[in-house]
Structure formats: C-alpha cells, structure tokens
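Working notes for the structure below.
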Amino acid sequence: MNAQEFLSLLREPGRSGRLAVQDASQSLSYADLARKVDACAERLAARPARPARVLASVMDNGADWIILDLACLQLGIVHVPLPLFFTPAQWIATIDAAGADVVAGPDSLAPILRERGFEANSGRPDSPSLFHRPADAVTLPDRTVKITFTSGSTGAPKGVCLGAEEMLGVASGLAAATRPLNVRRHLTALPLPVLLENIAGVYAALIEGAAMITQPLARIGLQGSSRFDPAMFHAALGASDAQSAIVLPQMLRAYTGWLRTTDARAPSGLRLLAVGGAAVGRELLAAARAQGLPAYEGYGLSEACSVQTLNLPGDDSPGSAGRPLPHAQVRIAPDGEIEVAGSPALGYLGHDTALPRWLPTGDLGRLDDAGFLHVQGRKKNLLITGFGRNVSPEWIEVLLTSQACIAQAVVLGEGQAELGAVIWPQPGFGEAQLHAAIERTNGALPDYARIGPWMLARDEFTVASGLSTANGRPRRDAISALHADQLFPRKAAQPIL
C-alpha cells in the first residue's frame, strides 16, 4: 500500500459518517478528518517562503498531531515527530540534524527556536504554530517520509529514515492479524511520536476504519518518559470505551498492581492490551490476566518499521514475543542474534549505507518449534562471569521486576564470581521484603545466574538522574559506575605463596 492508496481510505463513502478521531475538544468523522487533512496540507503548501521540505513537530497527543502527520504524508513532506520527553537540547539537536525548515508546535517554543533562526507564522488559533527558516537540505535516503529518533544507551538520539510503503506494510499486517478482534475504538496511551503508537495505533486503526481516542498524555497518566499514574490510566480507559490500547511493560506492571490493591476492575470491553518496548515476562502476563487484562506481548524495532511479532488471543505463547506477523520474516543467526526482513528502514540519518535485507537486530533469541519468537536480551549487554558463563542480564531483570516489591532492577557482574543487582523498590517496601523477593527469584534460576550481592539504587533510573535513556532503558554503564564500588568492592591483593 502506498501513501495515496492509504489516504484514499479516509474518503471512502462507507466511512464518511463514522467516527475517526476523538480528543479533548473535538470529534471528527472520517469526512471531517479528510477535510482537516486537506486544510492542513494547504496551509503547509502556502508558506510565505518555499514549501516545507522537512517538518519537525513538538506536540502533545491529540487530533492535531494526527492531522499534521497525515498532511505531511499527503504532500510528501518528511515528518520528524519529536517526543515531549526529549529535552530542549535534544529537540534542537534533532531539528538541526534532520535539516528541518519548519517546526510545528506551541508558541512556547518560540524562544529556543528563535535562537536557531526560526520565525513564527502562527496562523489560525485552532491549530499549532508553524516556525520556519531557510535551511540547507540534508541528504536523505530516497523515499524518506518520516524520521523517527530513538535514544540509545548514551542518550544521543539516532535518526531512522522510513518509507511510506514499508510503514504501511507493517500497519496492514497488524490490521490483518487483529481483524478477528473487531476493534472499533483504540485509545492512544503512548506518545504519538513513538513509532509503535504511530504505526499500530494510528495507521492500523485507519486501515480498519476504526476510531482513535486520543487525549493529552497527562490525562492518560503518563508524564515524561517514566512517570505513570495507573488510576488516571484506568479512568481514561473507562471513559473512552476503548477496546484496545498499547502499553509499555512498566505501565502494565503498575496498572496490574493497582488493580490488585483496589476494588477497581479491568474494563470489560477491552479486547487487546498490547505490550511492547521491552521484555514482559510470563509472570507479569499471568498477573495481568488474573486481573482481567487481555495483555499480549509483541516485539519490533524502529529499523523494521516497528512491530514484527505479536501474541494474540487464540494464538498465544506466554513468555514469548509471538509469531511473525504477515509482513515480517524472522530468523536466528548462528550466534543467536535475531534477524528480520520484510519492512526495512531506508537507513540512518547522516549515513549513506543502506540497511541489509536481513537486518541484525542486536537482540538474542530463538524460534521454538511452533514458530514463536523468544527474545533473550541484548547482544551487547551479555555478561561473561568469572567462571566463563554467558548470561543475559535482561533474563534475570524480568524475573526480578515480576516481584511486586521491585520497580526497577539492573544486573551487573562482568568478570565477577557471581552476579549482583541494583534494585529500586516499589514504594512502601523494605529491605526484608526485597531480600525475600530476590531469594524467590534465585529459586527459579540456575546457580550461575543467581543474584549474590545486591544493593538499593542510589537514585531512581530516570532521565533526570542520568540512569535512564529518554525512552526508559537503563543506562548500564552509568548505573555500574555509580554502584559497582559498593556492589563489588575490590579486595586487597593476596600474596602468592
């Protein structure tokens, strides 16, 4: 499916009166949405200088974000959606790196954008402001229509260039796989600039003719990259009558715990609560389902235009990441690395080398006899103990954070006789409870993978503390530097007799 075929779906006569998007201030039918997209496209094309070439957006969730994204797709403008949880320095770095000549966002951006040569062109009060500047064109792979930025372990954003046909191929595969669930209302619970929500929550919903219910992130209970209020999320789910939503594992963990400790019940109309972004674990899935949540794990990456595998009702293997979706091909390299094909990104911003047909993901895993993918951790994170055993820390971390009292955990121990853990507890739990939880975890592990020394983290793993990337992954080097001296104190050298 190409962009024009996709956009023509907005104008199908059978959809015209059907709800397409609902946010805090407006409800748009498919016909309304098509008109809004056309009006936005006219505004972008009518700039006082030359038409926009690369447009970066800094916007909260809402109908305006979806309209802008579809208008860029209609005009062939490269859209660079930036999450609100990026710092201003990261916004500027990505805007400059992408060669953006237009930025869409609130008027509050004016001071920092003015320093980079942007001038405001506010236009109508019911739409985002546009800031423009002349900018030298940046060389991009042919057919690039979107650049999604991911923050790696150093926190430096990396631009992945995506094509329309590949993104829409993934969305079509997701739509086909989930069609038996007959989802008609989807709540956008993740930031729309996050590719997972953009592809699975917007494009797939539009292909199916479903409605997107979208609210500012604060009303969903999500603040920044790592603050989540499960009570607000529960209220948003109920008010939206949503039949599907996408969450991160830490959101599922918090929501499951909240349901377990309150009189609230999971919304009865919810048919799919897809979980992605990191490993989930069999124990968390079981706990969520015991609370009535239809939680199913998937797997994907930006370099493959998001979701590649997904568990679904009736086709489920808890603890796995699901089977490959219709658009995806998955294989395991001889060294255990997962490789995918079928919907590749066009390349990285600033690099002229195309990605290979079979893309190495950097993740280790296996395919079982039934075709389910089991992800076993990041290849670069593999620990080799002092006894020569290879251990994926994510394997143990998933088991640790499945314990009710552990919010965050990072396992260390490269070259050590035994592994250690740095723990950030859930509120209200003490060291005795944490010790018992670690012992329970050790009981499910082979001897070489058990936790020996452990300690309370000196700070929470957040962007502000420098211990987490903007997308919530722990910065292992920083955590090790802050804690290894206490976790693995150096012993005085003993003379050899």
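The figures follow:
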quantity	calculated
Net charge contributed by nearby residues that have their C-beta within less than 13 Å of THR462 (K/R +1, D/E -1)	+2
Förster radius 51 Å - calculated FRET efficiency between ALA286 and ARG114, Cβ distance, rounded to 0.05	0.45
Selection from GLY371, GLY415, GLY209, by position along the positive dipole direction of the chain (Cβ)	GLY209
Exposure proxy ranking, count of Cβ atoms within 10 Å, fewest first, for ILE220, ILE213	ILE213, ILE220
Signed unit charges on C-beta, dipole axis of the chain, positive-most listed residue ALA175, LEU325, THR462	ALA175
Residues of segment 232-258 with amide N under 14 Å of a point placed 7 Å along Cα→Cβ from ALA404	254-258
Length-normalised contact order of the chain in % [C-alpha pairs under 8 Å, at least 6 apart]	11 percent
Nearby aspartates and glutamates by direct alpha-carbon distance to LYS380 (threshold 20 angstrom, same-chain neighbours under 8 apart not counted)	GLU303, ASP335, GLU337, GLU339, ASP363, GLU394, GLU397, GLU414, GLU418, ASP477
Stretch gain in nm, segment MET1-ALA46, where the contour uses 0.36 nm per residue and the Cα spacing is subtracted	13.4 nm
Sites excluded, GluC sites (Glu not before Pro) in DSSP loops with at most 14 other C-beta within 10 Å, longest stretch of the chain	116-459
ASP335 paired with ALA481, simple spin-label distance in nm, labels 7 Å along Cα-to-beta-carbon	2.6 nm
Whole-Hz ³J(HN,Hα) from phi, Karplus 6.51 cos²θ - 1.76 cosθ + 1.60, for segment 185-197, glycine and proline x	9, 10, 8, 7, 9, 9, x, 4, x, 5, 4, 4, 6
Theoretical gain in end-to-end length, LEU9 to ARG450 [0.36 nm per residue, Cα-Cα removed]	153.4 nm
Ranked MET167, MET455, MET59, criterion: other C-beta atoms within 10 Å, fewest first	MET455, MET59, MET167
Tensor-based shape of segment 361-423 (alpha-carbon gyration tensor, a/c under 1.5 rounded, otherwise prolate or oblate)	oblate
Dipole in debye (nearest 20) - the chain, about Cα centre, beta carbon charges: Lys, Arg +1; Asp, Glu -1	260 debye
Amide H contacts of VAL138 (H built 1.01 Å from N, under 5 Å, at least 5 apart or other chain)	none
Rg in Å to one decimal, and Dmax rounded to a whole Å, for segment 382-487 via C-alpha atoms	12.9, 38
Assigned charges on the beta-carbon of Lys, Arg, Asp, Glu; segment 382-487 dipole about Cα centre (debye)	160 debye
Ranked TYR255, TYR348, TYR299, criterion: other C-beta atoms within 10 Å, fewest first	TYR348, TYR255, TYR299
Segment 1-132, relative contact order [Cα under 8 Å, separation at least 6], %	20 percent
Backbone HN-Hα couplings from phi across segment 431-438 [Karplus 6.51/-1.76/1.60, Hz, Gly and Pro as x]	5, 5, 5, 5, 4, 5, 5, 5
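Any read-out appearing in this document is the output of simple, stated calculations on the displayed coordinates, not a laboratory observation. Because the structure is a prediction, the values reported are computed rather than measured. Neighbour counts run over all protein chains shown; Cβ positions are idealised from the backbone, glycine included.
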